[in-house]
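Working notes for the structure below.
The values are calculated or read from the model by the stated rules, or taken from the named source; none is laboratory data. As the structure is a computational prediction, the values presented were derived from the model and not from experiment. Cβ coordinates were reconstructed from backbone atoms using ideal geometry, including for glycine residues, and neighbour counts include every protein chain displayed. Keep in mind that these areas ignore ligands, DNA and RNA; they rest on the heavy atoms of the full protein, side chains included. Shrake-Rupley method; radii C 1.70, N 1.55, O 1.52, S 1.80 Å.
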Amino acid sequence: MTAVCVMVLGTTSGAGKSWLTTALCRHYARQGLKVAPFKAQNMSNNARVVAGVDGAYGEIGSAQYFQALAANAQPDVRMNPLLLKPEADTHSQVVLMGEVSRELSDMPWRGRSEKVWPAIAAALDALRAENDVVVIEGAGSPAEINLHASDIVNMRIARHAQARCLLVTDIDRGGAFAHLYGTWALLPADEQALIRGFVLNKFRGDATLLAPGPQMLQDLTGVPTVATLPMWWQHGLPEEDGVFDDRTLASGAVQTTIAVIAWPRISNLDEFQPLKNVPGLRLVWARTPADCVGADWIVLPGSKSTVADLAWLRAQGLDRAVAEHAALGGAVLGICGGLQMLGEALIDTHGIDGNAPGLGLLPLVTAFEPQKTVRHTQTLFTECAGPWSALSGVSVSGYEIHHGQTAQHPAMAAKGDVARAVLPDGLGWQNTAGNVLGVYLHGLFEDPAVLHALFGASAPTLESVFDGLADFLQTHVEPGVLDALIQPD
């Protein structure tokens, strides 16, 4: 078995590659084909725990995780062999085949490509050997001519797999025809030949007004425009990189407002997607103290750089906003890096993240360790108090991705100031008042039992989201195009 490869390229980041790849995965899976997604290199702090090498767990980008589920495939590290997790504007943690590589993390960007290419090519070849179709997602634009020589994610992959490529652009931003033509024109002739169709995404209005643009573009390039996809806000798929916008109010009168602190290195933001669908819930991305005014909950989410984001929190005055909210009995939830910040101190003797005093809302200390914890976890809440009492006895599943290990502060415990363990193995803690909760477990709001316990609500299932994406695609792509992409030449 050698899979046919269909590849989604974009004229820019944010053009719509990820959701279109997801929709194609579900479309071909519904045809009874064995399908897998692939993205050679992803840059994102939204990651998921999947099957790794030799039975271990590993990390891949969240987009490829959801694409695998859409394809009815078991997610594994081959689907995103290289994951870059930004820690600063000029530095990323490099995850190769699911595991952190300190050597690659310290290596200059341009020197990295040849080092990682054999593993990337082997991962793609292995997926092709096991599947009928591999749906590949590119990154950014394939026409970044300054990066072409070291490319490992766009046209080098397309050539290696002889992929049938779709090039998608965001027409809502304007300049779509120029973006498509310019991208095509900057490619060498052998790579131009791999482009099978153009896709106009996020169109508003009367599609007939586009004429004669698509035909003129085809006359120039020989490439047809195969789809004009209308603007669609509520597809239900988590945003890959987290888009902070005002479309976060579900149906019904507002009963609960949740402010999620939006620090610069926020991670795993996609886990809050289900909250957008809870009736009567307003979700706010908080960057200033004013954004927290009137909130029922304040959530400190995950962070790829906990100490740096904690410094940012203090610089914005948000530390005082969180403390004042907690002092008034308001609900505070810290997840992973957010849990670490809620404690008394963060201690780093290995150069992992840095040292800092915490917010002091939980009598805990976090020590950063070189070994990263990456695993799926199924566990059970013990008795919880205050606004979190509904979680008492609830079985929960999620995932862990963290360097820190958190425990009671010895000096404070000696004085009787202790945190209540509400999850085993140091996974969850609560203050004595009951309103501050910290957990290491990501994915709480994706667990139907947790969502029902806290809000009496349920979110659309991922299966319905994936089917909706495939239905939308079939409605708006020219007849026969999707089948033709996987037919022998």
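Any residue at all in region 155-178 that's closer than 19 Å to residue 58 by Cβ, acidic (Asp, Glu) and at pLDDT below 95?
There is no residue in region 155-178 that is closer than 19 Å to residue 58 by Cβ, acidic (Asp, Glu) and at pLDDT below 95.
Of 15, 23, 56, 47, which residue is at pLDDT below 95, touching a Leu at 6+ places or on another chain (Cβ under 8 Å) and of a type in the set (A, V, I, L, M, F, W, C)?
The unique qualifying residue is 47.
Identify the single condition in (1) part of a loop (DSSP other than H, G, I, E, B); (2) free of Cβ contacts under 8 Å to residues at least 12 places away in the same chain; (3) under 30 Å from residue 200 (Cα atoms) that residue 458 does not satisfy, given that it satisfies every other one.
Tallying (1) part of a loop (DSSP other than H, G, I, E, B); (2) free of Cβ contacts under 8 Å to residues at least 12 places away in the same chain; (3) under 30 Å from residue 200 (Cα atoms), residue 458 fails exactly one: (3).
Using beta carbons and a limit of 8 Å, which pairs, at least six apart or on different chains, have the first residue in region 197-221 and in contact (Cβ under 8 Å) with a residue 40 or more places away in the chain and within 18 Å of residue 8 (Cα to Cα) and the second one open to solvent by less than 10 Å² (accessible area, probe 1.4 Å) and of a type in the set (S, T, N, Q)?
199/169; 201/169
With respect to residue 294, is the statement that it is open to solvent by 40 Å² or more (accessible area, probe 1.4 Å), touching a strand residue (DSSP E or B) at 6+ places or on another chain (Cβ under 8 Å), farther than 30 Å from residue 464 by Cα and assigned to a loop (DSSP other than H, G, I, E, B) true?
yes
Could you tell me which of the residues 361, 346, 333 is at pLDDT 95 or above, open to solvent by 30 Å² or more (accessible area, probe 1.4 Å) and either assigned to a strand (DSSP E or B) or under 21 Å from residue 411 (Cβ atoms) (or both)?
That would be 361, the only listed residue that is at pLDDT 95 or above, open to solvent by 30 Å² or more (accessible area, probe 1.4 Å) and either assigned to a strand (DSSP E or B) or under 21 Å from residue 411 (Cβ atoms) (or both).
If you go through region 27-36 one residue at a time, do you hit one that is of a type in the set (D, E, K, R), in contact with an Asp or Glu (Cβ under 6 Å, 6 or more places away or on another chain) and surrounded by 23 or more Cβ atoms within 10 Å (Cβ to Cβ)?
Within region 27-36 (the criterion being of a type in the set (D, E, K, R), in contact with an Asp or Glu (Cβ under 6 Å, 6 or more places away or on another chain) and surrounded by 23 or more Cβ atoms within 10 Å (Cβ to Cβ)), the answer is no, since none of the residues qualifies.
Taking region 386-421 only, how many residues are in a strand (DSSP E or B) and of a type in the set (Val, Ile, Thr)?
Of all residues in region 386-421, those in a strand (DSSP E or B) come to 395-408, 420-421.
This time we only want the ones that are of a type in the set (Val, Ile, Thr), so: 396, 401, 406.
The total comes to 3.
Is it the case that residue 110 is open to solvent by 10 Å² or more (accessible area, probe 1.4 Å) and either assigned to a loop (DSSP other than H, G, I, E, B) or under 28 Å from residue 486 (Cα atoms) (or both)? Spell out how you get there, then give the answer.
Values: open to solvent by 10 Å² or more (accessible area, probe 1.4 Å): yes; either assigned to a loop (DSSP other than H, G, I, E, B) or under 28 Å from residue 486 (Cα atoms) (or both): no.
No: the conditions fail for residue 110.
I'd like the residue in region 267-291 that is touching a residue at least 40 places away in the same chain (Cβ under 8 Å) and assigned to a strand (DSSP E or B) and, out of all such residues, is surrounded by the fewest Cβ atoms within 10 Å (Cβ to Cβ).
285
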